[in-house]
Amino acid sequence: MRRFFITLLAAFVFCSAAEAAGVVILKSSDVPYYDQAVQAFRSSLPSGTKITEYNLDGSVAKGRQIAKALRGTPPDLVFAVGLKAALAAKLELVDTPTVFCLVLNPESHGLPGPNMTGILMRIAPGSQLASIQALTPHARRIGLLFDEDRTGDFVEKARRLARRAGLELIAVPVHHSADVPDAVRTLLPQIDLLWLIQDQTVVTQDSLPYILATTLESKVPVFGFSPTLVQQGALGALAVNARDIGLQAGRLAGTVLRGGPLPHPALQPPHQPQLALNLNSAEYFGLSPSKDVLRMATVLYGGPGAVARTETQHEFLP
Amino acid sequence: MPAPAGLRLNLWTKLVVFTTLIVVVTCSALSWFFVQRQEATLTQDLLDRGTLLANHLAATSRYSVLVKDKTRVREQIAGLLGAEQIVYVMVGSADGQLIDAAGKGAWKQPPVTLFTPPAEPASPSAPTVRRVALVNGRPRVLDPAGFPPEVSESFYDIAVPVFGTTAAFDYDPALSLTLHEPADPTADVGATPPVLYGMVHVGISDHQTVALLQTLILQAVILTLIIIAAGLVFVLILAHRISAPVKALTSLASQVSQGNLSVTASPSSYDEVGELTTVFNVMVEALQAREQDLHDLNRTLESRVEARTEELQRANSRLQELNHLKTALVSTASHELRTPLTSMKVHVNNLLGGISGPVSPDQVETLRRVYTNIERLCRMIDDMLDLSHLQTGRVALEAAPVRLDHVIHDVLLTLNYYVAQKALSVRLDLPDSLCHVWGDEGKLRQVFSNLLHNAMKFTPAGGIIRIIADTSVEGVVTLCVSDDGCGIPPDEIEKIFLPFYRSPNGTQTRGSGLGLSIVKELVELQGGSVRAESTVHEGSRFFVRLPAVPQPSATARSDQQVESPPRRQFFP
């Protein structure tokens, strides 16, 4: 009985604190996946939480003005969506706890700050290599194109993990987007699978169709980071979606609002990467994904019963 | 109104010629329009197809162009050349360098001279289309409107720019951020325009289009001819169906005009021509009925005229009989009245003369009035008797040369009482050489007595009466008696010579209305004529024309007295 009253009192205190808490959302621009993240974030907060949302309209300067205005009555927490919102919060709100998300390379922009925590867009190389192995158990030589300045650390870590997993990671550095074709042609004969990572030098609007077409012609499967690539012919991908990121950010914010400390490390990997798989490509490459892999796959393209989980696929495909 | 000989076309010819003309013109115009539209459509389809293929190559070779991947570009060009109408493909970079080119057929050597470096800014949706041809084995750009005679086949060079894409992956944050997250987020850049990578030239042949167009033209011509032929047959049938009944009706109408009313036309249709035929039959029936009526009328006309003539003759005889009876009655009554009146006149005269005893002055005055009225009654009875005798032809005329001036003077002497009573002025204009007239002196005296007495009655007091003789016309003497009386209205002038007629203007004067009738009868009895002229309020003029006695020569006149013609008695 005594424990029941203590629990009831604690719940009352928590609810009151949550109702009093104010959350400000800074959104970089009107992009659908930003809206998805914001919507998921809102849904994860306790009801009664006072939420104020600002749209930066793609301007860091506007974000800084908004953030500066918030200094007088700082909110309990700031949720920054996108790089520009995160930068504005970092520059103007040095004491307010801030959670950011949907930033591709936060480290290259000085993120996070001391009062900040964020969710990475990049999936850990170990998880990706595990997925590659599950998809193509016979593939030993994994090719990779990367820009040393952008993704050198990631590749180094991946190289170690691959070696540990008994795989050979053949990583070819490129310094310019124009180097990609020659690098691809050089690389393709040496590898069993091409692993596309989120390197902005390698992956461009124009190089993607080229890479996908060339690898298809060379019968070298591609493992990527986006369900769109899978839809266009890549074998598979381990990807994140904005809704999951928003939910994860909401949970993180709840912890902070409840008075918890900022998590360590400050940059959290996405908790729920999703496996996308193109069954037609698999058939083309002579692969037969196991039942376990098919069960793990969240998004399936092609084949009988092509769409495994339509509700999830719709989040990727407009 | 008859038409000129050159324009005289019958209905059949007009129908056939004009309807055929319309069919031919309409079909030809429609065919021409159809061919024109087809040519434009086929050409546009060809260009659309070429543009589509060029755009597709530009889209798929985007990265190959950017990195000048000649191998990949060659593969893509080879794929595009698989299309039948594509004759050459050229792909170049943004700096104007030709990456690769290939052709087939006559364009085995691609026209690299036609490759144009891309110009910034270029619109992604604006291909450049030029007509080109091989002239003496060398590529040449043609004028869009012209087609040189030495060119047998033309081609289209379609050039499209190769742009970088700006696709947004709104529901794939991993890919979208990888592609679009800027290195410097603080730089507020707007929408980035597409980057120009290079240029794709596609040569497409219009050979198939031309062949298809030729087939279409042939089909259109054949179809047009078939339609025209069918239309002509239809027009001939229609013209026959319209003109044949009209011709038949014309023939029947011609027979009717020649009097043959027994014709009947059979309606061949239920349209306007059929109605015309029915109306024609009704008209012929009406003409037949009218012809029958005329025939019947003509047949009975003679007998009816004879009956009417008999009726008129009977009425005329009856009228003549009545006239004789009237004349006899007037004659008898006048004669029977005259005898007692003469006796009364003698007795009154005796009383006035005191033979039967003395009478008082008042009685004298009364007797005078009685005597005057008896005289007046006697004169009227004399006039009636004279007129009766004249009308019945029982007047004996003793014709002889008569000097009219003597007659006039004698009459004036007898009427001097009236002249003096009304202070009239009588002016005579009788030439000395007034010739003799041939007539009865007594009757002429009565004629002029009546005329002058009439003039004096109607001339107001102090008026003038003129008597003028005119001998200007040979063989005729005309005497004019004019007065200043009240005149006779124009509509009355013809009636004054009728018996008992009295002009309304002369109702204040006494008279029987027989004087002028007697004058007319007497003058005409002597071979003359009398006529009157009058103006109301100015006076009247009576002209008496009498036959003159021929004048002897001057020598004969001096030697011998006027030789009187033998006295004759004639009864006109």
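The values are calculated or read from the model by the stated rules, or taken from the named source; none is laboratory data. For clarity, every value in this text was computed on a predicted model and none was experimentally measured. In this analysis, Cβ positions are derived from the backbone assuming ideal geometry, glycine residues included, and neighbour counts consider all displayed protein chains.
Which residue, of B:L236, B:L218, is surrounded by 13 or more Cβ atoms within 10 Å (Cβ to Cβ) and at pLDDT 85 or above? Only one candidate qualifies: B:L236. Would it be correct to say that A:L161 is without any contact (Cβ under 8 Å) to a residue 60 or more places away in the chain, farther than 29 Å from B:T60 by Cα and surrounded by 15 or more Cβ atoms within 10 Å (Cβ to Cβ)? Against the criterion (without any contact (Cβ under 8 Å) to a residue 60 or more places away in the chain, farther than 29 Å from B:T60 by Cα and surrounded by 15 or more Cβ atoms within 10 Å (Cβ to Cβ)), A:L161 qualifies. Here B:D440 clears all of (1) under 17 Å from B:L546 (Cα atoms); (2) assigned by TED's automatic domain parsing to the domain that holds B:V330 except the condition numbered (2). None of B:A239, B:A265, B:A286 is touching a helix residue (DSSP H, G or I) at 6+ places or on another chain (Cβ under 7 Å) and without any contact (Cβ under 8 Å) to a residue 24 or more places away in the chain except B:A265.
In region A:67-79, the count of residues that are facing another protein chain (nearest Cβ under 10 Å) and either buried (at least 20 other Cβ atoms within 10 Å of the Cβ) or hydrophobic (A, V, I, L, M, F, W, C) (or both) is zero.
It is to be established whether one or more residues within region B:360-378 are among the aliphatic types (A, V, I, L, M) and outside any helix (DSSP H, G or I). Write out each step before concluding.
Taking region B:360-378 first, the residues among the aliphatic types (A, V, I, L, M) are B:364, B:367, B:370, B:374, B:377.
Among the residues that remain, those that are also outside any helix (DSSP H, G or I) are: none.
No - not one qualifying residue is present in region B:360-378.
Looking only at residues in region A:179-228 that are among the aromatic types (F, W, Y) and either more than 20 Å from B:L179 (Cα to Cα) or more than 8 Å from every other protein chain (Cβ to nearest Cβ) (or both), the one that is surrounded by the fewest Cβ atoms within 10 Å (Cβ to Cβ) is A:F223.
Here is a yes/no grid of residues against (1) surrounded by fewer than 21 Cβ atoms within 10 Å (Cβ to Cβ); (2) in contact with a Cys (Cβ under 7 Å, 6 or more places away or on another chain); (3) among the basic types (K, R); (4) not assigned by TED's automatic domain parsing to the domain that holds A:S28:
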site	(1), (2), (3), (4)
A:L83	no, no, no, no
A:L87	no, no, no, no
A:V94	yes, no, no, no
A:C101	no, no, no, no
A:P106	no, no, no, no
A:G110	yes, no, no, no
A:T151	no, no, no, yes
A:S177	yes, no, no, yes
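Of the residues making up region B:168-188, none is assigned by TED's automatic domain parsing to the domain that holds B:G96 and part of a helix (DSSP H, G or I). Counting residues in region A:107-123 that are at the interface with chain B (Cβ under 9 Å from one of its Cβ atoms) and hydroxyl-bearing (S, T, Y) gives one or more.
Residue-wise test of (1) at pLDDT below 85; (2) aliphatic (A, V, I, L, M); (3) surrounded by 14 or more Cβ atoms within 10 Å (Cβ to Cβ).
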position	(1), (2), (3)
B:S331	yes, no, yes
B:R369	no, no, no
B:N373	no, no, no
B:Q391	yes, no, yes
B:D405	no, no, yes
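With the requirement that a residue be among the aliphatic types (A, V, I, L, M) and either modelled with pLDDT under 90 or closer than 21 Å to B:A420 by Cα (or both), what does region B:445-467 give you? It would help to see each step written out before you state the result.
Here is the first cut: in region B:445-467, the ones among the aliphatic types (A, V, I, L, M) are B:447, B:451-452, B:455-456, B:461, B:464-465, B:467.
Once the filter is applied, which keeps residues that are among the aliphatic types (A, V, I, L, M) and either modelled with pLDDT under 90 or closer than 21 Å to B:A420 by Cα (or both), region B:445-467 yields B:L451, B:L452, B:A455, B:M456, B:A461, B:I464, B:I465, B:I467.
Considering every residue within region B:136-156, establish whether at least one is at pLDDT below 85, within 29 Å of A:Y210 (Cα to Cα) and aliphatic (A, V, I, L, M). Within region B:136-156 (the criterion being at pLDDT below 85, within 29 Å of A:Y210 (Cα to Cα) and aliphatic (A, V, I, L, M)), the answer is no, since none of the residues qualifies. Of the set (1) loosely packed, with under 14 Cβ neighbours inside 10 Å; (2) in contact (Cβ under 8 Å) with a residue 12 or more places away in the chain, all apply to B:P499 but (1). If you go through region A:46-66 and keep only what is buried (at least 18 other Cβ atoms within 10 Å of the Cβ) and away from every other protein chain (no Cβ under 14 Å), you end up with A:T49, A:Y54, A:N55, A:I66. All of A:S29, A:S43 fail the test of being away from chain B (no Cβ under 14 Å) and surrounded by fewer than 16 Cβ atoms within 10 Å (Cβ to Cβ), apart from A:S43. Considering A:V256, A:V240, the condition of being among the β-branched types (V, I, T) and either more than 13 Å from every other protein chain (Cβ to nearest Cβ) or surrounded by fewer than 18 Cβ atoms within 10 Å (Cβ to Cβ) (or both) is satisfied by A:V256 alone.
Yes or no: B:P547 over 56 Å from the mean Cα position of the chain (by Cα) and modelled with pLDDT of 85 or more?
Numbers: over 56 Å from the mean Cα position of the chain (by Cα): yes; modelled with pLDDT of 85 or more: yes.
Yes; evaluated as a whole, the condition is true for this residue.
Of all the listed residues (A:L252, A:L257, A:L216), the sole one being among the aliphatic types (A, V, I, L, M) and not assigned by TED's automatic domain parsing to the domain that holds A:A37 is A:L216. Checking the structure you have, find out if any residue of region A:151-158 is within 14 Å of another protein chain (Cβ to nearest Cβ), assigned to a helix (DSSP H, G or I) and under 26 Å from B:P194 (Cα atoms). No, region A:151-158 contains no residue that is within 14 Å of another protein chain (Cβ to nearest Cβ), assigned to a helix (DSSP H, G or I) and under 26 Å from B:P194 (Cα atoms).
In region B:167-184, the residues that are more than 15 Å from A:S207 (Cα to Cα) and within 7 Å of another protein chain (Cβ to nearest Cβ) reach residues that are assigned to a helix (DSSP H, G or I) and acidic (D, E) with C-beta atoms within less than 8 angstrom, at least six apart or across chains, in these pairs: B:Y171/A:E315. Going by the structure shown, is A:D35 exposed (fewer than 14 other Cβ atoms within 10 Å of the Cβ), closer than 27 Å to B:P182 by Cα, assigned by TED's automatic domain parsing to the domain that holds A:A88 and at pLDDT 90 or above? In short, no.
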